[in-house]
Amino acid sequence: MFSSFFKGHTSSSRIDALKRRAEAGDRTAQFDLALVFDKGEEVPENLIKAAQWYRRAADQGHAEAQCNLGSMYDTGQGVAQNYVEAEKWFLSAAEQGFARAQSDVGCMYKEGRGVKQDYQSALLWLTRAAKAGFAKAQYNLGEMYLYARGVEVNYEEALLWFRKAAKQGIPEAMTNVGTLLFTGQGVKQDFAEAAYWLSTASGYGIPEALCNFGLMYELGAGVPRDLSRAAYLFRLAAEKGDADGQRNLQRISEKR
């Protein structure tokens, strides 16, 4: 985390040196010190002190500090929850091109979380973050196209962004890629790729993935027909309280 300046120093002397630099106005040291308190590394976790040092670095234009401070206001950790402040700091970092902040403020506008819902602003910031390769933004941008949030429904565009997010390990994106390819809704049906993504997402316990992968086994679509396997997957979804899983399990049990 820290520069070579600290190599060879004990933990205590390293933190003391970091504090001196931070108190002297070094914004990088202020950010690093905030991280120490935020993560509880080498010192006891102290979110209040973390927020204080993030603010000092943020006031000097440190983009990641601005984003982290925004997150603290968004969640009410280390500071009183304040969505206006969260939006302010996310935007400050987003305007510097910091992708995580672009994603965070885009999600605020998309969900109307503490701010007026604004799909156009959400689309703007999520697109920027998604194009920068930020997986969470790619997933949320896919949802915008899937559910016509500020844009017309575009299944191909939704699939494009879901696939990018899926390749970065977002289980919900894997589920959506698999579901679109399984159903062929607005895209070319591809059972083989659908089975791959639904199988992978099922490993994370996503109920929709479990149900749809179960349906593939029930129908023999892209996988060998196997009612026992289908019932097993439906049961896993049902045990998570998923209504579709419960209905599918009851239906397939009556077949066997």
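Quick check on the range 21-53: of everything there that is among the hydrophobic types (A, V, I, L, M, F, W, C) and outside any helix (DSSP H, G or I), which residue is surrounded by the fewest Cβ atoms within 10 Å (Cβ to Cβ)? By that ranking, first place goes to Ala24.
Going by the conditions given, is Asn46 closer than 28 Å to Ser13 by Cα and in the same structural domain as Gly25 (by TED's automatic domain parsing)? Answer is yes for this residue. If only residues of the range 149-169 that are among the hydrophobic types (A, V, I, L, M, F, W, C) and either outside the structural domain of Ala130 (by TED's automatic domain parsing) or assigned to a helix (DSSP H, G or I) (or both) are counted, the one that is surrounded by the fewest Cβ atoms within 10 Å (Cβ to Cβ) is Leu160.
Out of the residues in the range 188-215 that are in a loop (DSSP other than H, G, I, E, B) and of a type in the set (D, E, K, R), state the one that is nearest to Leu236 (Cα to Cα). First the steps, then the outcome.
At the first step, the residues of the range 188-215 found to be in a loop (DSSP other than H, G, I, E, B) are 188-190, 203-206.
Retained after the next criterion (residues that are of a type in the set (D, E, K, R)): 188, 190.
Working: Lys188: 29, Asp190: 25 Å.
So, considering only residues that are in a loop (DSSP other than H, G, I, E, B) and of a type in the set (D, E, K, R), the one nearest to Leu236 (Cα to Cα) is Asp190.
For Gly214, the conditions (1) within 24 Å of the chain's Cα centre (by Cα); (2) closer than 20 Å to Gly245 by Cβ are fulfilled apart from (1). When restricted to residues that are among the polar types (S, T, N, Q) and assigned to a helix (DSSP H, G or I), the range 57-97 contains 5. Pairing residues of the range 209-231 that are farther than 12 Å from Ala194 by Cα and not assigned by TED's automatic domain parsing to the domain that holds Leu198 with residues that are surrounded by fewer than 21 Cβ atoms within 10 Å (Cβ to Cβ) and modelled with pLDDT of 95 or more, at Cβ distances under 8 Å and at least 6 apart in sequence or on separate chains, gives no pairs at all.
The values are calculated or read from the model by the stated rules, or taken from the named source; none is laboratory data. A quick note: this is a predicted structure, and the numbers were derived from the prediction, not measured. Cβ: placed from backbone, ideal geometry, glycine included. Neighbour counts: every protein chain shown.
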